[in-house]
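Here is the structure we will look at.
The values are calculated or read from the model by the stated rules, or taken from the named source; none is laboratory data. These figures come from a predicted structure and were not determined experimentally. For neighbour counting, all protein chains shown are included, and Cβ atoms are generated from backbone atoms with ideal geometry for every residue, glycine included.
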Amino acid sequence: MIAIKQGKVFSQEKKAFIDNNLILIEGNYIKAAGENVEFAENVKVIDASSCYIMPGFIDAHTHIGLEEEIYRIEGDDVNEISDPITPHLRAVDGINWNDLAFTDALKGGVTRSVSMPGSANIIGGQAVFIKHLASSIMDMVCKNPCALKAALGENPKRVYTAEKKSPKTRMANAAFLREAFYKAAKKLDKSDLSPEEEFKFLPLFKVLRKEMPLFLHAHRADDILTALRIKDEFGFELVIQHGTEAFMVADELVRRDVPVFLGPLLVNRAKVEMKEVAFKNAALLDKAGVKFAFITDHPVVPIEQLRVCAALAVREGLSEERALEALTAIPAQILKCDGDLGSIAPGKRADIVIFDGHPLEFKSRVKYVMVDGVLWGDNLE
């Protein structure tokens with residue numbers, strides 16, 4: 001059992017840091033949290049005086065383990081550029097669990113992430129929800145699959161034009177995506193599928209049955225609207241990935257209760273569809289009532305800089321409270337794991353980060369990280 005005492009704990013209910021709370025961890029879970037928590041003498045005690053305590057950060061759009069920073073061909077397993085429709089691929093099968101980024105994530109207070117295929121294909125494969133610290137590698141998988149990855153916009157056009165194949169236009173992008181779901185919808189309740197059909201269509205069936213969402217890469221407003229039209233046609237759950245121009249169509253997103261995983265933000269305008277990249281976009285989405293969470297798209301932005309993206313959004317008008325929620329509670333809600341993660345409360349999983357200063361202050365450092373009650377700290381260099 002571990003007790004964390006004397007820190008300033010971020011309260012999801014009060015949207016503020018509360019002084020002198022004590023957190024008691026037993027096994028994988030938070031057993032108690034509050035001002036009057038008692039514990040036995042043999043408990044390991046972490047003195048968090050003058051420290052700030054947060055739930056572990058969640059980065060809900062990365063390519064961690066799939067696209068490694070120090071490798072080129074050897075560590076690049078993020079895009080299978082052979083067919084624009086590959087729903088049967090699984091990100092979990094391409095992850096190098098010894099990727100240096102897992103340690104980097106912990107140094108930045110990011111305890112969990114979603115790793116997914118890239119955006120070369122219209123449908124790229126299945127994403128996996130993972131944690132960054134566990135007693136064994138196999139235990140790092142939290143939910144597999146957690147979503148189906150799809151893409152619209154410039155990436156599929158660029159990749160398949162170079163391959164001298166379709167899709168070469170946004171019309172073809174939409175047609176490929178619509179065709180895949182049209183065929184899957186026609187086969188949804190059939191019992192005479194071939195093994196090949198069943199294997200390839202199963203992820204699409206899960207999306208149509210709302211057993212997992214579609215994570216759709218879209219930067220430009222017109223691509224977001226195309227995604228919303230296709231969602232309306234087939235009724236699946238949709239989460240927009242990146243959403244650079246999502247603020248332009250915020251009313252349509254709110255009307256359909258479609259959230260956005262916003263980012264990467266700490267980048268240059270690498271292509272035309274990213275011309276509106278700006279930290280102020282977070283405040284614009286928040287003001288419009290769009291639910292959003294920050295992402296790094298690691299390794300586009302190093303995963304340990306997730307909180308820096310949130311801090312810069314605060315500088316451009318977002319409230320501190322909403323920024324902290326967009327690192328914790330909100331991604332947990334969108335990923336439907338908020339019963340276990342995203343806040344510090346009894347019964348929640350013990351994903352906890354202790355900072356030596358305010359989490360949105362650039363000078364602050366992580367002192368301790370806990371993932372499912374497993375403590376990582378003391379030696380963060």
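Can you tell me which residues in region 258-282 are over 13 Å from Arg220 (Cα atoms), in contact (Cβ under 8 Å) with a residue 24 or more places away in the chain and in a loop (DSSP other than H, G, I, E, B)? Passing the criteria: Val258, Pro259, Pro264, Leu265, Leu266, Val267, Ala278, Phe279.
The condition (being at negative phi, crowded, with 21+ Cβ neighbours inside 10 Å and among the hydrophobic types (A, V, I, L, M, F, W, C)) is satisfied by just one residue among Leu360, Leu375, Leu341: Leu341.
Looking at region 303-380, the helices (runs of 4 or more DSSP H) lying wholly inside it that each contain 3 or more residues that are over 17 Å from Leu106 (Cα atoms) and touching a strand residue (DSSP E or B) at 6+ places or on another chain (Cβ under 9 Å) sit at 320-325, 329-334.
Taking the conditions exactly as written (surrounded by fewer than 18 Cβ atoms within 10 Å (Cβ to Cβ) and in the same structural domain as Val159 (by TED's automatic domain parsing)), does Arg220 satisfy them or not? Walk me through how you get there before you give the answer.
Details: surrounded by fewer than 18 Cβ atoms within 10 Å (Cβ to Cβ): no; in the same structural domain as Val159 (by TED's automatic domain parsing): yes.
Considered against the rule, which asks whether it is surrounded by fewer than 18 Cβ atoms within 10 Å (Cβ to Cβ) and in the same structural domain as Val159 (by TED's automatic domain parsing), Arg220 comes out as no.
Under the condition of being of a type in the set (Ser, Thr, Tyr) and in contact with an Asp or Glu (Cβ under 9 Å, 6 or more places away or on another chain), which residue from region 31-81 is surrounded by the most Cβ atoms within 10 Å (Cβ to Cβ)?
Of region 31-81, the ones of a type in the set (Ser, Thr, Tyr) are 49-50, 52, 62, 71.
Still in the running and in contact with an Asp or Glu (Cβ under 9 Å, 6 or more places away or on another chain): 50, 52, 62.
Numbers: Ser50: 10, Tyr52: 22, Thr62: 27.
The extreme case among them is Thr62.
When Lys5, Lys14 are checked against the criterion of being among the charged types (D, E, K, R), assigned to a strand (DSSP E or B) and not assigned by TED's automatic domain parsing to the domain that holds Thr161, a single residue qualifies: Lys5. Scan region 174-201 residue by residue and report those that are surrounded by 15 or more Cβ atoms within 10 Å (Cβ to Cβ) and touching a residue at least 60 places away in the same chain (Cβ under 8 Å). Of everything in region 174-201, those that are surrounded by 15 or more Cβ atoms within 10 Å (Cβ to Cβ) and touching a residue at least 60 places away in the same chain (Cβ under 8 Å) turn out to be Phe176, Ala180, Lys200, Phe201. Across region 95-114, the qualifying residues are those that are surrounded by fewer than 20 Cβ atoms within 10 Å (Cβ to Cβ) and out of contact with any helix residue (DSSP H, G or I) (no Cβ under 7 Å at 6 or more places or on another chain), and the one among them that is farthest from Glu179 (Cα to Cα) is Thr103. Restricting attention to region 124-140, the residues that are surrounded by fewer than 22 Cβ atoms within 10 Å (Cβ to Cβ) and in contact with a Phe, Trp or Tyr (Cβ under 8 Å, 6 or more places away or on another chain) add up to 3.
In the set (1) more than 22 Å from the chain's Cα centre (by Cα); (2) surrounded by 13 or more Cβ atoms within 10 Å (Cβ to Cβ), Met171 fails one condition alone, (2).
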